[in-house]
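**Student:** If you scroll down you'll find the structure; I have some questions about it.
The values are calculated or read from the model by the stated rules, or taken from the named source; none is laboratory data. Quick caveat: nothing in here was measured; it's all calculated off a predicted structure. No Cβ is skipped: glycine too gets one built from the backbone with ideal geometry, and neighbour counts run over all protein chains shown. Please note that ligands, DNA and RNA were not included when accessible areas were found on the heavy atoms of the full protein model with its side chains. Shrake-Rupley method; radii C 1.70, N 1.55, O 1.52, S 1.80 Å.
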Amino acid sequence: MEAIHRLHLHALAILVIVAMVVPSTVAGGGLCRESCGNIPVRYPLGIDDGCGSPYYRNMLTCADNATLRLRTPSGTYPVTGADYSDPHLVVTDPSMWTCARPFTSVHAAPFSLDTSTRFSLSPRNEYLFFDCDEARVIVAPRPASCDRYPDRCDSACDSAGYLCRNLPGCRGALDEGNMTCCAYRPRATESLRAMLRHCEAYTSVYWRAAGDKFPPYDQVPAYGVRVDFEIPVTTRCLQCQDKRRGEGGTCGFDPATRDFVCICGAGRNSTTDCAGACSIWQL
């Protein structure tokens, strides 16, 4: 009887260890989705709770497994592209002017980001404002000295901007619509809001890497807002993804505690790697 009692105690101890080592199930007991429509979703991003880094928790949604959207203080916006080697998303604002959309006066809140997150507006974005009230907005050609001292030129909207003369896809649209245009590079979201209060419409153009030429000619303009993000690199995540340590897992976190979790096949979780998860479950 004493031997049986010791065996029961030993089995109970193993169950306690498993409960301590394997955190609560994430992503509804399944694996993390790796795409939404044709947009890849990889660490540190995630669309299922507990997947990716907790820094980006609840920032992305996937409607009907087809449309990836980014949540921001100014609204929820479709994501049209994602790059993880040069970490960024490309987001579209439905209220922005484009060649494909006839010009209409839109006084909606411009795209903005929560500055407390790991997302940031890329310096590759340029904002164009149309038909501004020149009694309230300084519209003038940007002096050459602004390239050297950009802080001295924050308040002006450049009427001689390259993109105003070369709108992607419809170079002569402004002349045809008898519209004025100026280019503006804000330092804060609030200045974008102030500009739109005194202009009829706006659009965002980012410089997309073409990859077939030498800098700076390796970039082409395209409509959209480029949103950069950081990839937190941790030893635990690298160990989790390492296929030499078992099957290779997905980095995630426990939704209750935000502690790191290595998500493995068949809903198995570990605090280290998938080799550790297998050995735990085989005990």
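**Student:** If we only count strands (runs of 3 or more DSSP E) wholly inside the stretch 204-264, which ones have 2 or more residues that are farther than 23 Å from ASP83 by Cβ?
**Tutor:** Because the criterion is at least 2 residues that are farther than 23 Å from ASP83 by Cβ, the strands (runs of 3 or more DSSP E) in the stretch 204-264 that meet it are 260-263.
**Student:** Restricting the stretch 230-262 to residues that are over 24 Å from the mean Cα position of the chain (by Cα) and of a type outside the set (Asp, Glu), which is surrounded by the fewest Cβ atoms within 10 Å (Cβ to Cβ)?
**Tutor:** ARG244
**Student:** Among the numbered criteria (1) under 19 Å from TYR202 (Cα atoms); (2) touching a helix residue (DSSP H, G or I) at 6+ places or on another chain (Cβ under 9 Å), which one does VAL139 miss?
**Tutor:** So VAL139 meets the others, but not (2).
**Student:** Moving to a separate point now. Which condition from (1) small (Gly, Ala, Ser); (2) open to solvent by less than 10 Å² (accessible area, probe 1.4 Å); (3) farther than 25 Å from CYS264 by Cα is the one that GLY81 breaks?
**Tutor:** (2)
**Student:** While we're on this one: Look at the stretch 154-179 and say how many of its residues are surrounded by fewer than 17 Cβ atoms within 10 Å (Cβ to Cβ) and either at pLDDT below 80 or assigned to a loop (DSSP other than H, G, I, E, B) (or both).
**Tutor:** Count: 15.
**Student:** Hey, another quick one. Determine whether GLY265 is touching a residue at least 12 places away in the same chain (Cβ under 8 Å), open to solvent by less than 20 Å² (accessible area, probe 1.4 Å), out of contact with any Lys or Arg (no Cβ under 7 Å at 6 or more places or on another chain) and over 18 Å from SER53 (Cα atoms).
**Tutor:** Considered against the rule, which asks whether it is touching a residue at least 12 places away in the same chain (Cβ under 8 Å), open to solvent by less than 20 Å² (accessible area, probe 1.4 Å), out of contact with any Lys or Arg (no Cβ under 7 Å at 6 or more places or on another chain) and over 18 Å from SER53 (Cα atoms), GLY265 comes out as yes.
**Student:** Then there is this: Filter the stretch 91-112 down to the residues that are hydrophobic (A, V, I, L, M, F, W, C) and closer than 30 Å to GLY52 by Cα, then identify the one that is modelled with the lowest pLDDT.
**Tutor:** ALA109
**Student:** Under 6 Å by Cβ, and 6 or more places apart or on different chains, what pairs join a residue from the stretch 55-66 that is closer than 14 Å to VAL91 by Cα with one that is open to solvent by 30 Å² or more (accessible area, probe 1.4 Å)?
**Tutor:** Here the result reads MET59/ARG71; THR61/ARG69, each pair linking the stretch 55-66 to a residue that is open to solvent by 30 Å² or more (accessible area, probe 1.4 Å).
**Student:** Out of all the residues in the stretch 230-272, which are acidic (Asp, Glu) and at pLDDT 85 or above?
**Tutor:** Of everything in the stretch 230-272, those that are acidic (Asp, Glu) and at pLDDT 85 or above turn out to be GLU230, ASP242, ASP254, ASP259.
**Student:** Hey, another quick one. Condition first: out of contact with any strand residue (DSSP E or B) (no Cβ under 8 Å at 6 or more places or on another chain) and at pLDDT 90 or above. Can you find one or more residues in the stretch 113-130 that meet it?
**Tutor:** no
**Student:** Select from the stretch 7-59 the residues that are polar (S, T, N, Q) and either in contact with a strand residue (DSSP E or B) (Cβ under 6 Å, 6 or more places away or on another chain) or modelled with pLDDT of 50 or more (or both) and write down the one among them that is least open to solvent (accessible area, probe 1.4 Å).
**Tutor:** For the stretch 7-59, the residue satisfying everything is SER53.
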